[in-house]
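Colleague: The structure under discussion is supplied below as structure tokens; questions concerning it will follow.
The values are calculated or read from the model by the stated rules, or taken from the named source; none is laboratory data. Treat the numbers as computed from the prediction; the structure is a model and nothing was measured. Reconstructed Cβ throughout: ideal geometry from the backbone, glycine too, with neighbour counts over all protein chains shown.
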Amino acid sequence: MPFDPEAVRDFEHGRWQRAASVYCSTFAAATQPFIDALLDAAGVGRGVRVLDVACGPGIVTARAASRGAAATGLDFSTAMLAVARARDRAIRFDEGDAEALPYADAAYDAVVSNFGIHHVPRPALALAEAYRVLRPGGRVAFSFWADPTENVGWKLLFDAIARHGDPAAARLPPPGGGFGSAAQCTEVLRQAGFAACATRLVRATWRHADARALVEAMQAGTARMAALIEAQPASAMPAIIADIDQRAASYRDSAGMAVPTAAVIAFGIRRQQ
């Protein structure tokens, strides 16, 4: 299937519209441990004008504001924006496209995106837009999930589906880009014009009561992963969940499952002119 940016946009938009009402109570716990590292990489602090791209329910935007930054959130999902505005009415949240930001050149000191850039049809274009709206010397930082070997929940699910389900069942539109390694992150930043590009691996833990809770959180609060889960035959799901439960034994304690997670934080600086 050839790459179609509008097909990717429509798929992602539909998924995030649906996930908005439950995201904060499901998948947000997986992404929140990386927020402070992201904001640190972008130098977000008091008085910094920061744009949070693909802000979703505004969790990162609010954290930036709590640091004293002048924070703005942007997302293409009206449902996500409704959640964000209800959570914090003092913050500005705009509807817009990461590939065509509705802001003037050099309007911000920092641009951040927590697990958002890889959902954009053309990540390189989104980063070029981030470069445009940054002042010279401004910083960009984005996060994406590290390899599944570093993210145990993902690996457990992928492996269980490979053994008991159908990994190709979802029939999703091909993504326009993504990041399979830290090196790809720094390369796309350099291509967008950024200097001093670097990455940092950050590790955390994601807790769940059991395998079923893990799968339900991924189904409720993700896009491509949710589509993969939903595409599995109903008859295969008990075996998939049982497989995860069995192989997650080493991550279980008295409170449930504590699965390791990891993200790559990539960052760069807009060149001085």
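Colleague: Where residues in the stretch 42-65 are surrounded by fewer than 24 Cβ atoms within 10 Å (Cβ to Cβ) and in contact (Cβ under 8 Å) with a residue 24 or more places away in the chain, which of them is nearest to His208 (Cα to Cα)? Spell out the reasoning first.
Modeller: Looking only at the stretch 42-65, we keep the residues that are surrounded by fewer than 24 Cβ atoms within 10 Å (Cβ to Cβ), and these are 43, 45-49, 59, 62-63, 65.
Within this subset, residues satisfying the condition of being in contact (Cβ under 8 Å) with a residue 24 or more places away in the chain are 43, 45, 48-49, 59, 62-63, 65.
Working: Gly43: 32, Gly45: 32, Val48: 36, Arg49: 36, Ile59: 21, Ala62: 25, Arg63: 24, Ala65: 29 Å.
Restricting to residues being surrounded by fewer than 24 Cβ atoms within 10 Å (Cβ to Cβ) and in contact (Cβ under 8 Å) with a residue 24 or more places away in the chain, the top hit is Ile59.
Colleague: Still on this model: Only residues that are touching a Gly at 6+ places or on another chain (Cβ under 6 Å), among the β-branched types (Val, Ile, Thr) and assigned to a helix (DSSP H, G or I): list them for the stretch 21-74, please.
Modeller: Correct list: Thr61 only.
Colleague: Considering only the stretch 174-220, how many residues are in contact (Cβ under 8 Å) with a residue 24 or more places away in the chain, farther than 27 Å from Ile244 by Cα and over 18 Å from the mean Cα position of the chain (by Cα)?
Modeller: 9
Colleague: Sticking with this structure for a sec: Can you list residue pairs whose Cβ atoms sit under 6 Å apart, with the first residue in the stretch 226-254 being without any contact (Cβ under 8 Å) to a residue 60 or more places away in the chain and the second being part of a helix (DSSP H, G or I) and surrounded by 11 or more Cβ atoms within 10 Å (Cβ to Cβ)? Count only pairs 6 or more apart in sequence or on different chains.
Modeller: Pairs found: Asp245/Ala211.
Colleague: Okay, moving on. It is to be established whether one or more residues within the stretch 77-95 are in contact with a strand residue (DSSP E or B) (Cβ under 7 Å, 6 or more places away or on another chain), among the hydroxyl-bearing types (Ser, Thr, Tyr) and either at pLDDT below 95 or surrounded by 22 or more Cβ atoms within 10 Å (Cβ to Cβ) (or both).
Modeller: no
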